[in-house]
Structure formats: structure tokens, C-alpha cells
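Everything below concerns the one structure shown next.
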Amino acid sequence: MAGYILADRLGLPWLVGVLFLLASLVGALLVNRRELLSLVVTPPLVFFVATLFVELGRAIGASSIAGSLALGLYTSLSGGAPWLFACSAVVLAVAWRRGLRDNVRDLREELRVDAEVPRPRKEQQPVYAPEPEGYFESRVYGTARTEE
């Protein structure tokens, strides 16, 4: 957000992208290696939230807040898309170099272990299988009584 304010005051719209790229690069260099996987997906989210707050602030004074917010978001996000793509690529490259591959491998192993479901044991004794409903057969239960 500071980049938006500084760019507005200086009249340099490209300054937002440059500052965003520098901040993301510093974040990728300073973050703990275990957190690289979550860092890689963070820049687009941060960019969107910062843009939303700035455009919401600009839209508050307008006659149609919703229209002004929608137009401002569209304009800012489409103008910042090249910077966002460049920033994501740079962060991904730096994170990959710092050990992102190991984080992805660890996550795969963890998910594989969690996905392994124990198989049911095969029982030695036959399992009771009831007859299907509607299936009848005559049976003889014992012998007839003889009267003496």
C-alpha cells in the first residue's frame, strides 16, 4: 500500500510494480526455508488485497461506490498484471534456488503417508452372509413326532 501512496504522490505509476517486486524479492530472500512453499503463493494475494484497500479508499468519495470500486479494481489489476507475473516468476526462481524443491518433496511424502489407509484384515473364518430377501427354500427342522 505504501507503494500506491508513494506512486500517487510522485506521479510514477510504475513505481508500484517496482516496489512490489523489490518487497517480494526481499521476502523470498529472508523467509525461513521451511516457509518457502507458502511464500510462493503469497504475492498475488498480497497484491490483490493492497489493490482492494487502495481502490476502496478511492471509491468512498464517488457517487457510485460499487461502480467506482469495480472500475478501479479492473484498471489497477490489469495495469499491475505484468508486474505481478514478473514478481511471481522472480519469487519462484529465488525460492526454488533456496530449497523449494525440498519443501515440495516433503509435502508429497507427508500427503502420501496420510493417504495410506490400513487395509482390512482377511478373516480366517467364513463371514456370515445372509440370504437375499425374498429367497426361500424349504427346510426340514427335525423329524416329525410320532404319537404313541
Net charge of neighbours whose Cβ lies under 15 Å from the Cβ of residue 67, counting Lys and Arg as +1 and Asp and Glu as -1 = 0
request  = Work through the residues other than residue 39 whose Cβ is under 11 Å from its Cβ and net out their charges, Lys, Arg +1 and Asp, Glu -1.
outcome  = +2
query = How much net charge surrounds residue 102 when only the other residues with a Cβ under 15 Å from the Cβ of residue 102 are counted, with Lys and Arg +1 and Asp and Glu -1?
reply = +3
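Below 8 Å, C-alpha to C-alpha, sequence gap of six or more: please give me the relative contact order for the stretch 9-96 in percent. Intermediate results must be reported in sequence, preceding the final value.
Numbers: 53 pairs, mean separation 41.5, N = 88.
It comes to 47 percent, rounded to a whole number.
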remark   = Under the rule rounded for a/c under 1.5, else prolate if a/b exceeds b/c, else oblate, using alpha carbon gyration tensor axes a ≥ b ≥ c, the stretch 1-124 is classed as oblate
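No value in this document is a laboratory result; all are computed from the given coordinates. Everything quoted here is computed from the prediction, not taken from an experiment. Here the Cβ is made from the backbone with ideal geometry for all residues, glycine too, and neighbour counts use every protein chain on show.
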